[in-house]
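Just below is one structure, and these are the notes that go with it.
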């Protein structure tokens, strides 16, 4: 199977190396030092147990036009990076190309294909500013995914797995199609867990439920998950934000299978983990604020649901993001 990976970062590299290792034809769409490293020597993966896989027989290019059509396209860039590259994705399209969206947060296609009710077809500006993605990508070509592993790009061409190997998959209309089952089998062959769900939106919400609270609180307080959960005031704030989001989800037909306290307890067990948003603040990278938090506020407006706690945290995070962007800086706690 020919597989293009758009975004050869931590998750893209994790997927690409393992898939190439079991014989799939992998093309990385990359740039900068990472592209040069992959072109020169392939991509290397350091697993949780310290073992290594070196995928030398892979293609790498910055040009989607040069890459050409592929059977599967894994979109592993961050949510705010999809719109700017949407027009070029057409170069990867063949007769039966499938795009797998692997972004955090509420996806641009949320109210497309299979979502009924009065909001069917609604455009989410926070998920797709200006409608660029919807203009160039047909939801009928899309399979949804929820990414659970944590990994880091330690240096150009080298990815280290922190933990996890599960990627939830689902057709937008809930069908158990041959194409989603075939994709799941390819991922399983590569050593991943790839359960196929008939309700990918519910699975997206379950992961987002924690991300929308823990990520911005972590970035603002410069705290790990366990610190947030064990500090009474931030634990209570996270619960309030999750409660507001749960009300929105319920109005959209989503029912969570566990309660807020169990979800928080699960985050606490992860331990001294820095969320992706905190890592981005410390590294001076763009922040996934709209996908993880702004989209919930937009859904709150669409469902007439007040979100005072989420609104407050969002405002603080927006200002922090603006300040970092203006200064082209980063923010981290360092020893005095």
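Values for this structure:
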{"quantity": "Normalised per residue, the volume of the convex hull around the Cα set of segment 53-173 (Å³)", "calculated": "128 Å³"}
{"quantity": "Footprinting exposure proxy for 199, 240 (fewest neighbouring C-beta atoms within 10 Å first)", "calculated": "199, 240"}
{"quantity": "Relative contact order (percent, whole number), segment 204-250, Cα cutoff 8 Å, 6+ residue spacing", "calculated": "43 percent"}
{"quantity": "Alpha-carbon centroids, segment 297-336 and segment 189-252: separation in whole Å", "calculated": "16 Å"}
{"quantity": "Rounded to 5, the percent of DSSP beta bridges in the chain classed as antiparallel", "calculated": "35 percent"}
{"quantity": "Relative contact order of segment 2-198, pairs being alpha-carbon contacts under 8 Å that are 6 or more residues apart, as %", "calculated": "22 percent"}
{"quantity": "Prolate/oblate/rounded label for segment 202-327 (Cα gyration tensor, a/c 1.5)", "calculated": "oblate"}
{"quantity": "Computed Kirkwood radius, in angstrom, where 1/r is averaged over Cα pairs of segment 1-58", "calculated": "11.2 Å"}
{"quantity": "Over the chain, relative contact order from alpha-carbon pairs under 8 Å, at least 6 apart, %", "calculated": "15 percent"}
{"quantity": "Helix-only CD estimate at 222 nm, as mean residue ellipticity for the chain, using -39500 (n - 2.57) per DSSP H run (n ≥ 4)", "calculated": "-13000 deg cm²/dmol"}
{"quantity": "Ordering of 292-299, 250-257, 10-17 by burial proxy (mean other Cβ atoms within 10 Å per residue, highest first)", "calculated": "10-17, 292-299, 250-257"}
{"quantity": "Inter-centroid distance (Cα atoms) of segment 11-59 relative to segment 92-159, Å", "calculated": "23 Å"}
{"quantity": "Ranked packing of 28-40, 65-77, most packed first, by mean Cβ within 10 Å", "calculated": "65-77, 28-40"}
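Only the coordinates and a few stated rules stand behind these numbers; no lab work does. Quick caveat, the model's predicted, so the values are computed rather than measured. No Cβ is skipped: glycine too gets one built from the backbone with ideal geometry, and neighbour counts run over all protein chains shown.
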